[in-house]
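Engineer: Here it is: the structure, laid out below.
Read the figures in this text as sums done on the coordinates, not as results from a lab. Note that the coordinates shown come from a computational prediction; the quantities given were computed from them, not determined experimentally. With ideal geometry, Cβ positions are generated from the backbone for all residues, glycine too; neighbour counts draw on all protein chains shown.
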Ligand code: HEM
Ligand code: HEM
C-alpha cells in the first residue's frame, strides 16, 4: 500500500463501508436487545437467545474489520477538520473498536465464570474462557452493563458529530462512508 | 465537537495541512447558512439525538414504572423476606446433593437430547424450601424444591427446578407478583391482611382451583419420599424433527409416608434427608407425561386429563449430600431454560419470566459475601 493510493480516494473501500453499516446495524440492535431483555419477563428468553450468537458474530466481524482496515488505504480527513477534531475522531474510532472487541469478550467471559453453557444455537455452544467464580461473574456482569452504556454514549457522540458535519459544516464527511459509490470530484 | 469558529479557521488555513491541499474535496465551498437555517439544523440534530436516547430509555422500561421487570420482581422478594447476603431470593434454604441419571433410552423417541439416549450422566442438585428466608423453620406445608443439573457428555447441560406441588398456583408472573404483594405482612400485626388475600383469590379463580388440588395432596414425611413436578410444559423434538409437548415428574422409589408434623425441630426435613441419603442412595423415576393436542401448554395451574401417556425415561439416583458451603450447586442458577438441543420451552409465560428473574436473583447473590448456610457442613456429617 503506497502513500499515493491513500491520497487517491475520498471514500473508505467498499468492504470497509459494507462492514461499517452491517456492524452499525448489528451493534445498535445488540444495545437495544440487551437493554430491552433485562427489563422484560415475557421476551427475555427470545431476546437472550438472539443476543448471545449476535454478540459472538460481532466479535468475529470486529476482528475481520480491524484486519481489513489495516490492509486498506484510508481516505484523508476533510480539510475542514481542525487537528483537535482529528484527534477526537481518531480517539473515538479507537474507543469504538476497543469497545466492540471487549464487550462481547466480557459477555462470553461472564457466562464462562458463572459456568452457564454458552449456547449459540441448537447444540452448538462455546467453551468457557475464564475459571469458575461467581464473584468474577458479578464483576463482569456489572462491567458488561457499564461498557454497554459507554458504547451507547460513544455511538451518540459519533452520530452527533456526523450529523454536525453533514448538516452544518457540509464537508462531505458522510460521503466517505456512504454505502453507495461517490466519485472523486 | 469543535465550535463553528474553529471550522472556519480550518477552512482558511488548510493550505498548511499535509495531504489536504491536493486531496480534500473542498473545491466547492457550500453557501453559508442563514442564522435561521443554522438554528433549524442544529435543532434537528438535537431532536434526532434525543430521539435515539429516548428510544433506548423506552426499551429499558424507563417510561413505564408500573411494568413488571425482573429487577422489580426480585425487589419484591427482598421486601417480603429481607436481603440475606449470598442467598437465593426464593428457595433460600437448601442442601446440595450429587448423583447420576441412568437413561433407559425410552425418551429418545420423544427428544433427541443426549440425556435420553441410553447411558449414565452425572447430576448435581439442590433440595430447598420455598421462601426467601435461608434460616426458616422447616414446615411440612412449605413448598419443597429440587433443582438438578445434568451434565451431558458433549458439554451440553440440562437444568431443571421442580417443586412438590401437582399444579402451580399462578398462571403468569403478574399473578405470582400480585400475590406476593397481597400477602405482605403488616408491620404492626406481623400478619398478612386477610382482606387482601381474599381479594386476590376472588380475582384469580384459577389460583383458587389450583389451591384446592394442592390441598387434596397431603405432604409426605420428607424430601426423600416426595414427587417433584416440572409443572411447566416443554416442547420435545426427536431425531425425526417431530415435536411433542411434555411435562415431567420425578416419582420417588422411596414409599410414600404421610407427614405427621408432631414436635419437630427446626431443620427436621433437611436432617431427615441427610439421614436417609446416608443410609442408602435415594431414587426417583423420571416420568414424561405426553400431551394430546388441545391440552393447555401455557397454563401451569391446570393438570392435563387423566390417562395421558406416561413414559418412564430413566432413574435418578442421589447418593451424597453436602452443605451449600462446600458444594458447587450453591453457585448454580437452576434456570429452567438451560436446555440441551431436543428440548425447548413451551408457550407457558412462566418460563421466560422464571429465566429472567432467576438471572436477576443469581446476579445479585453472586456478588455478595456468602453467609454460612443453615445446614452447615458439620450438620451434614453428624
Ligand atoms: C457488542 C456486543 C454486545 C453488546 C453491545 C451487548 C449489550 C448488552 C446490554 C446493553 C445488556 C444489558 C445490560 C444491562 O442493562 O444490565 C447486555 C446484557 C447481557 N449480555 Fe450482552 N452485549 C454484547 C455481547 C454479548 C455476548 C457476546 C454475550 C454472551 C455470549 C452477551 C451476554 C449477555 C448477557 C447474558 C446479558 C445479561 C442477561 C441478564 O442479566 O439476565 N452479550 N448486553
Ligand atoms: C414466575 C414464577 C416464578 C418466579 C418469579 C420464581 C422465582 C424464583 C427465584 C427468584 C428463585 C431463586 C433463583 C436463584 O437465585 O438461583 C427461585 C428458585 C426456585 N424456584 Fe422458582 N419461581 C417461579 C416459579 C417456579 C416454578 C413454577 C417452580 C417449579 C416448577 C419453581 C421452582 C423453584 C425451585 C425448585 C427453586 C430453587 C432452585 C435452586 O435450588 O436453586 N419456581 N424461584
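Engineer: Using alpha carbons only, how many degrees (0 to 90, rounded to 10) separate the axis of helix B:268-279 from the longest principal axis of chain B?
Structural biologist: Relative to chain B, helix B:268-279 is tipped by roughly 70 degrees.
Engineer: Next question, about the same structure. Using Cα pairs under 8 angstrom and six or more residues apart, how large is the relative contact order of the stretch A:1-153, in percent?
Structural biologist: 24 percent
Engineer: Normalising by the residue count of the stretch B:151-199, find the relative contact order in percent from Cα pairs under 8 Å and 6+ residues apart. Write down the numbers at each step before the final one.
Structural biologist: Working: 21 pairs, mean separation 9.4, N = 49.
Relative contact order, the stretch B:151-199: 19 percent.
Engineer: Still on this structure: Report the full-extension gain for the segment residue A:70 to residue A:127: residue separation times 0.36 nm, less the Cα-Cα distance, to one decimal in nm.
Structural biologist: Working: separation 57, 0.36 × 57 = 20.52 nm, distance 2.93 nm.
Separation in residues times 0.36 nm, less the Cα-Cα distance, equals 17.6 nm.
Engineer: In cubic angstrom, how much convex hull volume per residue do the alpha carbon atoms of the stretch A:10-177 span?
Structural biologist: Taking only Cα atoms, the stretch A:10-177 has a hull volume of 132 Å³ per residue.
Engineer: Let me ask something else. Between residue A:162 and residue B:344, what's the calculated FRET efficiency when r is the beta-carbon distance and R0 is 41 Å? Round to 0.05.
Structural biologist: FRET efficiency, residue A:162 to residue B:344: 0.45.
Engineer: Where the centroid of each part is defined by its Cα atoms, how far is the stretch B:228-258 from the stretch A:76-105 in Å?
Structural biologist: About 54 Å separates the Cα centre of the stretch B:228-258 from the one of the stretch A:76-105.
Engineer: Right, next: With axes computed from alpha carbons, what is the tilt in degrees of helix B:194-203 against the longest principal axis of chain B, rounded to the nearest 10 within 0 to 90?
Structural biologist: 80 degrees
Engineer: Let me ask another. Shape verdict for the stretch B:168-324, please, from the Cα gyration tensor: rounded (a/c under 1.5), prolate (a/b greater than b/c) or oblate.
Structural biologist: It is oblate, given that a/c is not under 1.5 and a/b is not larger than b/c.
Engineer: Need one number: the % of Cα-Cα pairs in chain B sitting beyond the 27 Å mark.
Structural biologist: For chain B, the share of Cα pairs beyond 27 Å comes to 58 percent.
Engineer: Under 8 Å for C-alpha pairs, at least 6 residues apart: give me the relative contact order for chain B, rounded to a whole percent.
Structural biologist: Relative contact order comes out at 21 percent.
Engineer: Here is a further query. Could you sort the peptides B:34-47, B:105-118 by per-residue average Cβ neighbour count (10 Å cutoff), highest mean leading? Before the final figure, lay out each step's value.
Structural biologist: On the way: B:34-47: 12.4, B:105-118: 20.4.
The peptides rank, most packed first, as B:105-118, B:34-47.
Engineer: Rounded to the nearest Å, what's the spacing between the alpha carbon centres of the stretch A:14-30 and the stretch B:30-87? Just the number, please.
Structural biologist: 24 Å
Engineer: For every helix of n ≥ 4 consecutive DSSP H residues, a contribution of -39,500 (n - 2.57) applies; sum these over chain B, divide by its total residues, and give [θ] at 222 nm rounded to the nearest 500 deg cm²/dmol.
Structural biologist: It lands at -9500 deg cm²/dmol.
Engineer: Sort the following peptides by mean Cβ neighbour count (other Cβ atoms within 10 Å, averaged over residues), highest first: B:274-284, B:168-178.
Structural biologist: B:168-178, B:274-284
Engineer: So what's the angle, to the nearest 10 degrees on a 0 to 90 scale, between helix A:134-164 and the longest Cα principal axis of chain A?
Structural biologist: The angle comes out near 20 degrees.
Engineer: Return the whole-Å distance between the Cα centroid of the stretch B:145-211 and the Cα centroid of the stretch B:259-332.
Structural biologist: So the separation of the two Cα centres works out to 17 Å.
Engineer: Taking every residue in B:32-44, how many Cβ atoms of other protein chains lie within 10 Å of its Cβ, on average?
Structural biologist: Mean partner-chain Cβ count within 10 Å for B:32-44: 2.
Engineer: Return the FRET efficiency for the residue pair residue A:97, residue B:133: r is the Cβ-Cβ distance, R0 is 45 Å, and the value is rounded to the nearest 0.05.
Structural biologist: In this case the efficiency is close to 0.40.
Engineer: Something else about it: Per residue of B:47-57, what is the mean number of Cβ atoms on other protein chains within 10 angstrom of that residue's Cβ?
Structural biologist: Numbers: counts 0, 5, 5, 1, 0, 6, 3, 0, 3, 10, 1.
So the per-residue partner count for this stretch is 3.
Engineer: Run the simple label-point estimate for residue B:78 and residue B:201 please: 7 Å along Cα→C-beta, distance reported in nm.
Structural biologist: It is 3.2 nm.
Engineer: Counting only other chains, and only Cβ atoms inside 10 Å, what mean value do you get across the residues of A:165-177?
Structural biologist: 4
Engineer: Follow-up. For the peptides A:148-158, B:340-350, what is the packing order when you average, over each peptide's residues, the other Cβ atoms within 10 Å and list the highest mean first?
Structural biologist: B:340-350, A:148-158
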